[in-house]
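Asker: Starting off with a structure, shown below.
The values are calculated or read from the model by the stated rules, or taken from the named source; none is laboratory data. Just so it is clear, the structure is predicted and the values come from calculations on it, not from any experiment. As a convention, Cβ positions derive from the backbone with ideal geometry for all residues, glycine included, and neighbour counts pool all protein chains shown.
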Amino acid sequence: MEMPLTKILLLQRASVGIKVSMSGRIPRIFLVLAYAVLGTVGARADGCPTAKDEIATDRPDVTNSSLVVPVGSLQSENGVNLSSRGVGQIIDGTNTRWRLGIASCLEVLVDLPTYSTTVRGSGSSGFSDVSPAIKWQVSPLPGKVDASLVFGVGLPTGTVEIAGRGAQPYLQIPWSWELHDGWGVSGMLTEFFRPSDVVIRPTTEATFAIEKNVTGKMSLFVEYVGDYPETASPSQLLNSGGLYRLSPTQQVDFHIAFGLNRNAPSYIVGVGYSFRFDGLFAVRPR
């Protein structure tokens with residue numbers, strides 16, 4: 001799970017100072033979201049997780065889970081990253097996301113401030129923003145293809161040099177497709193923008209991942225991550241890693257990413273631990 005704004009924080013640093021027009025960007029993402037909502041009006045709630053299901057997190061890949069947490073469940077996802085750009089090294093943590101299931105197929109989540117500091121070379125240190133969001137799982141084809149709609153905003157609570165100025169809303173569509181023999185594919189489209197800026201600097205992030213369940217408790221993945229500013233060169237990463245479920249409600253994970261061009265960090269290495277508490281609303285598992 002690393003929070004959406006934190007996930008691309010290192011990538012965004014490469015495009016700091018790039019100023020572009022916002023014209024046409026917001027209408028396009030709203031059209032995509034409207035199409036997804038209208039096309040899944042008949043979605044069935046029985047495709048959404050319950051307390052009987054194993055933990056599904058937004059970690060360790062950049063592509064978030066297309067599933068919400070069960071009703072009455074609180075999930076905490078945490079991690080630490082070490083990254084390098086040139087001769088500099090940066091550590092950030094904990095990348096903590098809290099997720100709470102408030103209704104069938106609906107959750108609220110909040111990304112807590114992450115502290116970033118330079119351990120080698122020069123650079124800024126400080127906290128990222130607090131970022132609340134709401135997530136709705138539409139799941140047009142339960143058990144095969146799942147998708148969710150997410151709307152969140154980074155509140156201006158962090159260090160300006162790290163998080164930027166003003167509120168930073170984002171719209172997001174994570175999806176996943178379960179294939180055969182433990183294989184699956186997933187992806188995510190995210191639109192970040194800063195309407196408080198004098199000149200808007202929007203960024204579109206696109207991801208695509210291939211996953212494989214090695215055992216009933218362990219899975220591996222490889223993932224492409226691309227950040228595309230409107231009038232600047234993209235930042236691209238190849239990310240890979242895996243997770244291991246210690247129990248149905250606990251998970252440990254790791255990931256290693258390598259930059260594919262000069263705008264991306266040279267590498268990112270991270271580890272994490274996530275857990276879930278069920279039955280907070282005294283709702284019987286289905």
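Asker: Just give me the residues in the range 130-166 being modelled with pLDDT of 90 or more and polar (S, T, N, Q), in sequence order.
Answerer: 131, 137, 148, 157, 159
Asker: May I pose another question? For the subset of the range 97-110 comprising residues that are within 15 Å of the chain's Cα centre (by Cα) and touching a residue at least 24 places away in the same chain (Cβ under 8 Å), which member is nearest to residue 79 (Cα to Cα)?
Answerer: 97
Asker: Here's something else I'd like to know. In the range 154-192, how many residues are surrounded by fewer than 20 Cβ atoms within 10 Å (Cβ to Cβ), hydrophobic (A, V, I, L, M, F, W, C) and within 19 Å of residue 114 (Cβ to Cβ)?
Answerer: Going through the range 154-192 one residue at a time, the tally reaches 3.
Asker: As an exercise: evaluate residue 268 against (1) in a strand (DSSP E or B); (2) modelled with pLDDT under 95 and give the number of the one condition it does not meet.
Answerer: Status for residue 268: all satisfied but (2).
Asker: Filter the range 111-135 down to the residues that are among the hydrophobic types (A, V, I, L, M, F, W, C) and more than 22 Å from residue 74 (Cα to Cα), then identify the one that is farthest from the chain's Cα centre (by Cα).
Answerer: Only one residue tops the list, namely 119.
Asker: Quick check on residue 208: is it in a strand (DSSP E or B), in contact with a strand residue (DSSP E or B) (Cβ under 9 Å, 6 or more places away or on another chain) and closer than 20 Å to residue 93 by Cα?
Answerer: For residue 208, the condition - in a strand (DSSP E or B), in contact with a strand residue (DSSP E or B) (Cβ under 9 Å, 6 or more places away or on another chain) and closer than 20 Å to residue 93 by Cα - is not met.
Asker: Sticking with this structure for a sec: Could you give me the residue pairs with C-beta distances under 6 Å whose first residue belongs to the range 160-188 and is among the acidic types (Asp, Glu), whose second residue is surrounded by 15 or more Cβ atoms within 10 Å (Cβ to Cβ) wherever it lies, and which are 6+ apart or on separate chains?
Answerer: Listed pairs, sorted by first residue: 178/184.
Asker: Among 169, 195, which is in a strand (DSSP E or B), under 21 Å from residue 134 (Cβ atoms) and modelled with pLDDT under 95?
Answerer: Checking each option against the conditions leaves just 169.
Asker: Would you confirm, using the coordinates I've provided, whether residue 202 is in contact with a Phe, Trp or Tyr (Cβ under 7 Å, 6 or more places away or on another chain), farther than 20 Å from residue 65 by Cα and at pLDDT below 90?
Answerer: When the stated conditions are applied, residue 202 passes them.
Asker: If you don't mind, another one. What pairs come up if the first residue lies in the range 255-279 and is farther than 23 Å from residue 220 by Cβ and in contact (Cβ under 8 Å) with a residue 60 or more places away in the chain, the second is assigned to a strand (DSSP E or B) and of a type in the set (A, V, I, L, M, F, W, C), and their beta carbons are under 8 Å apart, counting only those six or more places apart or on different chains?
Answerer: 277/74
Asker: Right, another one. Can you work out which of the residues in the range 262-282 that are surrounded by 15 or more Cβ atoms within 10 Å (Cβ to Cβ) and among the small types (Gly, Ala, Ser) is nearest to residue 98 (Cα to Cα)?
Answerer: The extreme case among them is 274.
Asker: Before we move on, is residue 99 in a loop (DSSP other than H, G, I, E, B), buried (at least 21 other Cβ atoms within 10 Å of the Cβ) and of a type in the set (Lys, Arg)?
Answerer: no
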